[in-house]
1. Counting other beta carbons within 10 Å of each Cβ, put 87, 109, 150 in order, fewest first.
2. What percent of all Cα-Cα pairs in the range 83-201 falls in each 5 Å bin, counting up from 0?
3. If I build a Gaussian network model for the chain, linking alpha-carbon pairs within less than 10 angstrom, which residue out of 74, 325, 90 has the largest mean-square fluctuation?
4. Average the reciprocal distances over every distinct pair of alpha-carbons in the range 166-276, invert the result, and give the Kirkwood radius in Å.
5. Taking every alpha carbon pair in the range 41-105, what does the distance histogram look like in 5 angstrom bins from 0, in percent?
6. In whole Å, what are the Cα extents of the range 273-315 along the three principal axes, biggest one first?
7. Taking each pair of distinct Cα atoms in the range 165-221 once, what is the resulting Kirkwood hydrodynamic radius in Å?
8. Can you list the equivalent-ellipsoid semi-axes of the range 217-261, largest first and in whole Å, using the square root of 5 times each Cα gyration tensor eigenvalue?
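Bear in mind that the values in this text are calculations on the coordinates, not laboratory data. Model, not experiment: these values are computed from the prediction. Here the Cβ positions follow ideal geometry from the backbone for every residue, glycine too, while neighbour counts run over all protein chains shown.
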Ligand code: PYR
C-alpha cells in the first residue's frame, strides 16, 4: 500500500510539473483598450484599469489588457472607430459620443429627465436594454457592455446665474448627447468636447459654461477655477452609463471561459464605479464648497419644468427621424413607464420621506 501511495504521489507530482509547463507555454492573449479619458483619471479612467487587472487575475494571466488614455493611441472621440476597425480590441467610453454614427446610442448613456443609475442597470440586465444596444452596435462589429455609472450628474459650471430661460439664450455650453440638442432648441449653443479640454475652453472663454460629471471628477479637472457657480441637478444626465466596447471578432476568438471572465469583470466594474462615486462625491463637494468657495445653485423649478417639456419634444422628434432610434425610444419609454410607476411608491416615495 505504501508503494502504491508513493507511486500515486510521484505520479501527481509529475502531472503537476507537466501542467505547470503547459501553463507557462500558453502564450497570453494581449489586448489593447483605448479610453476617452485621461490615463488613470479618477472614476471614469480607473474603471478600465481595474477591469484589466481583474481580467488578468481571473484568467491567471491568460488575457492581458493594456489600457491607454485618450490621446495615447488616438483622440478621445476616435475610440469607437478604432474598436470597430480592430485597431484596438476594446474601448471604454460613453455611447452618446457616437450620436453622429448611431443616434439610438444616446439612450445607452443617459437622456434628459430619463432613467437613474439603478433603473439603467435594470434596463440593461433584465429589461431588454442590452439586446437593443447589441443590435445598435452590430453593424459596427462592436459588442457593448455597461461600463460603470456616475449616478445623477451635476448641472454644470456657469459664470452667470441661471434665473430664467432667457439666461440660456446664446449660452455656449459643453453639453453632449440629447441634452445638447435640448439646449439648442431653447436658444443655446451646445458644444461637444472631450473631458480633458474643458478647463482650458472654460478658462479662455471659448465656452461660457460646461458640465462634466460631478464633484469627484469636476474637482479633479479644476473646473471650479474657471467658473463661479455650480448648478444642480444634472437634468440632462440623470444616470449616465459608461460603456465597454469590444471588437466582436476579437471576442469571438476567445475561448468560452475568457469570454465569461470578460463579461463577469465588466459587470463587477459596472457596479464598482457607481459605488465609488457614491462615496467620493461627498468629500469632493465638501471640498469644493468649504475649501474652494464654490457657490452651489439649484436650477429654478420653472426652468426645469420647461426643459423637461422641451426634452420630451426633442427626444420624440429625433426618434421619429431614425428607425433604430424610434425602436429603442419605444422600448425605453415602455420600460420607463413601468419602473416609474413602481418607483413612485418605493424609491421615490422613500426619498421624499427622508427629506
Ligand atoms: C461626459 O462626457 O459629460 C460624461 O459624463 C462622461
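1. On the way: 87 15, 109 26, 150 29.
Ascending number of Cβ neighbours within 10 Å: 87, 109, 150.
2. Cα pair-distance distribution for the range 83-201, in percent: 2, 10, 17, 21, 18, 14, 10, 5, 2, 0.
3. The residue that fluctuates most here is 74.
4. Working: mean 1/r = 0.0608 Å⁻¹.
Across the range 166-276, the inverse of the average 1/r is 16.4 Å.
5. Taking every Cα pair in the range 41-105, the percentages come to 4, 17, 22, 24, 19, 11, 4, 1.
6. The principal-axis extents, from largest down, are 39, 27, 12 Å.
7. Values: mean 1/r = 0.0866 Å⁻¹.
It is 11.5 Å.
8. Details: eigenvalues 319, 35, 15 Å².
The equivalent ellipsoid of the range 217-261 has semi-axes of 40, 13, 9 Å.
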